[in-house]
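**Student:** Handing you a structure now.
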Amino acid sequence: MKIKDYYSKLLPYAVAVVLLSATVISFPLLFIMDKADNMKYCELYEKALKYEKDGIFTEAEALYSQIPETSGDMYPVYMGLARCAWGLSEKKNFLNSCEKAIENDCSKKDAYLLLISYYCEKKQYSEVYAVAERALENGCTSSDIRDRTDLLDGTFTQKYLSADYVGDWKNSGSGAYAVFSKNGLYGIVRSDGYISLSAGYEKLGVFSADSGTFPALCNDVWCWLDGNEFRKLLAPEGTQEAGCFGNALAPVCVNGKWFYCSTDGTLSMLSFDFAGSFSNGVAAVMKDGKWALIDEKLRSITAYEFDMIKTDSNGSCSEYGTCVVKKEDLFYLCSLSGSILSEGYEDIALPAAESSYIAFKSNGKWGYIDVSGRIVIENRFENAKSFSMGYAPVFGDGLWYYIREDGKPANENRYEEAGCFSCEGRSVVRKENRLYVLTLARYS
């Protein structure tokens, strides 16, 4: 056998021996290194923690940063770095350290609670709920986190609104809007209090998403303007009142009679003594003192059998999928198909949100029913409006306040007037004769 072939055959065995030797030698070396890293970890962590407790955050942060990421449980280290960053007002480092702690162990509550405390201090309440939801998604079901969000559930932020009056909210794809008045002129306000259209019109309706217009009276002439306040459609001659477009039709009052106007300016052949705006394909109309529901083809959904069909300040009876009708001195909930859903009451408020509790009046007191007509809160309030976003305004002892769906007060705040919350968690209240926009903590 040639020497070359001999060594070629021995080579795999030699490699195996070397690898085995290296492994045998490496075990004690790794043990020694791990022990050294652990000693360094404990030493640095204890020093850093002491500096942190003394409020010397710069030194503490420097020591935490020296701990090798391979030396032990890094969760408390990341938490220490986060606390120091908060103490030093280092927002980016604070958020990064919290994220590292969550990535290290997403089931532990400490990082979530620290983030919640931080956002509460900054009054960024929507972030608090986002953190709580993330904790739940990650399997952290700590009652401490639920307790913190429960405390916020009655918290409203307040912003002054320079207006004399605000109408009902109209929800659209881009948010909720309402008509407001100031010194006898009208404009449009967004639910966050931003004035999207200054008060400069004699009369005004809310923006309609399906036509891209809003009705306006300017210099005694009715027309529909686009979002840039350019005239898009002139109302027919003799128009005394014009409503918002819905399902490509807008109600107009011409020479004392109501018609529906299409987006090309054509008037309907049918006329009414009153015509409301369309919402969800349904509108309220009146003839000879009796009311009915009609569809977008102007076909009758119900007979002219009602003494009244309630409409909001935008002319809609069906914004939230349920109507309120009056017959023989009693009010009933009515579906969009014309079916009666509840027993009769002295009064029923218009719904303020889909599938939310609706205020009703019986024996002189107000309570709440659900959309099927079942009583969910007994009638005990002097006055009340319907629920939206989990809250409703009720009246007692001369002032308005908000209650939760369990009937208990949301907080101790009291107002001269209080409205329903929009789909964006905002309402308008009057306090000391000034209007304010309230925002639920979850949406602030």
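Laboratory data are not the source of any read-out in this text; all were calculated from the coordinates shown. Predicted, not measured: the structure shown is a model, and the values here were computed from it. For neighbour counting, all protein chains shown are included, and Cβ atoms are generated from backbone atoms with ideal geometry for every residue, glycine included.
**Student:** Using the Karplus equation 6.51 cos²θ - 1.76 cosθ + 1.60 (θ = phi - 60°), what ³J(HN,Hα) coupling, rounded to whole Hz, does each residue of the range 271-280 give in order, writing x for Gly and Pro?
**Tutor:** Listing the rounded values in order: 10, 9, 7, 7, 9, x, 7, 7, 8, 6 Hz.
**Student:** Something else about it: Quick one: 3J(HN,Hα) in Hz for the range 204-209, Karplus 6.51/-1.76/1.60 with θ = phi - 60°, rounded, Gly and Pro as x.
**Tutor:** 7, x, 7, 5, 9, 5
**Student:** Right, something else. Quote to one decimal, in nm, the extra length available between L136 and E328 on full extension: 0.36 nm per residue of separation minus the C-alpha distance between them.
**Tutor:** 64.0 nm
**Student:** What is the set of long-range amide H partners of A418 at a cut-off below 5 Å, with H atoms built 1.01 Å from backbone N?
**Tutor:** R430
**Student:** Shifting gears a bit: For S355 and S300, FRET efficiency with R0 = 22 Å and r from the beta-carbon atoms, rounded to 0.05?
**Tutor:** Efficiency at R0 = 22 Å is approximately 0.25.
**Student:** Still on this structure, I have one more. What does the extension gain come out to for S335 and K53, with contour length at 0.36 nm per residue minus their alpha carbon separation?
**Tutor:** 95.2 nm
**Student:** While we're on this one: Would you please state which residues of the range 227-255 a label at T266 would reach in this model, taking the label point 7 Å out along Cα→Cβ and a backbone N cut-off of under 15 Å?
**Tutor:** Of the residues in the range 227-255, 248-250 have backbone N under 15 Å from the label point off T266.
**Student:** Okay, next question. Once you keep just the Cα pairs under 8 angstrom separated by 6 or more residues, what percentage relative contact order results for the chain?
**Tutor:** That works out to 9 percent.
**Student:** Enumerate the amide H contacts of V376 below 5 Å, restricted to partners 5 or more residues apart or on another chain; note that Pro and chain-start residues carry no placed amide H.
**Tutor:** The answer is Y368, I369, D370.
**Student:** Excluding same-chain residues fewer than 8 positions from K92, which aspartates and glutamates have a Cα within less than 17 Å of its Cα?
**Tutor:** E61, E103, E121, E127
**Student:** If you average the alpha carbon positions of the range 158-203 and of the range 243-296, how far apart do those two centres end up, in angstrom?
**Tutor:** 24
**Student:** Still on this structure, please answer the following. If amide hydrogens are placed 1.01 Å from N in the peptide plane, which non-local residues have theirs closer than 5 Å to the one on R404?
**Tutor:** Here A410 satisfy the definition.
**Student:** For the chain, place one equal point scatterer on every Cα, skip the solvent, and apply the Debye formula. What is log10 of I(q)/I(0) at q = 0.11, 0.13 Å⁻¹?
**Tutor:** Results for the chain at q = 0.11, 0.13 Å⁻¹ read -0.94, -1.15.
**Student:** Jot down the per residue volume, in cubic angstrom and as a whole number, of the convex hull over the alpha-carbon atoms of the range 35-157.
**Tutor:** For the range 35-157, the hull spanned by Cα atoms encloses 105 Å³ per residue.
**Student:** Would you mind ranking R231, R299 so that the residue whose beta carbon has the fewest other beta carbons within 10 Å leads the list?
**Tutor:** Lowest to highest Cβ neighbour count: R299, R231.
**Student:** If you place +1 on the Cβ of every Lys and Arg, -1 on the Cβ of every Asp and Glu, and leave all else neutral, what size is the dipole of the chain about its Cα centre, to the nearest 20 Debye?
**Tutor:** 900
**Student:** Quick one: dipole size for the range 35-157, taken about the Cα centre, charges +1 on Lys/Arg Cβ and -1 on Asp/Glu Cβ, in debye to the nearest 20.
**Tutor:** Magnitude of the dipole: close to 160 debye.
**Student:** Sum up the charges of everything whose Cβ sits under 12 Å from the Cβ of R83, counting Lys and Arg as +1 and Asp and Glu as -1, but leave R83 out.
**Tutor:** -3
**Student:** How far is it, in nm, from the label point at E343 to the one at A62 when both lie 7 Å from their Cα along the line to the Cβ?
**Tutor:** 7.8
**Student:** Restricting to DSSP H runs of at least four residues, report the calculated mean residue ellipticity at 222 nm for the chain, -39500 (n - 2.57) per run over all residues, nearest 500 deg cm²/dmol.
**Tutor:** About -9500 deg cm²/dmol.
**Student:** How much length is gained if the chain between V376 and R146 is pulled fully straight, taking 0.36 nm per residue apart and subtracting their Cα-Cα distance, in nm to one decimal?
**Tutor:** 80.3 nm is the gain from fully extending V376 to R146.
**Student:** While we're here: Provide T311, T70 in ascending order of the number of other Cβ atoms located within 10 Å of each residue's Cβ, fewest first.
**Tutor:** Neighbour counts put them in this order, fewest first: T70, T311.
**Student:** Shifting gears a bit: Short version: ³J(HN,Hα) in whole Hz for each residue of the range 291-306, in order, from phi by Karplus 6.51 cos²θ - 1.76 cosθ + 1.60 (θ = phi - 60°), x for Gly and Pro, what are they?
**Tutor:** The phi angles translate into 10, 8, 9, 10, 9, 5, 8, 6, 8, 5, 8, 10, 6, 7, 10, 9 Hz.
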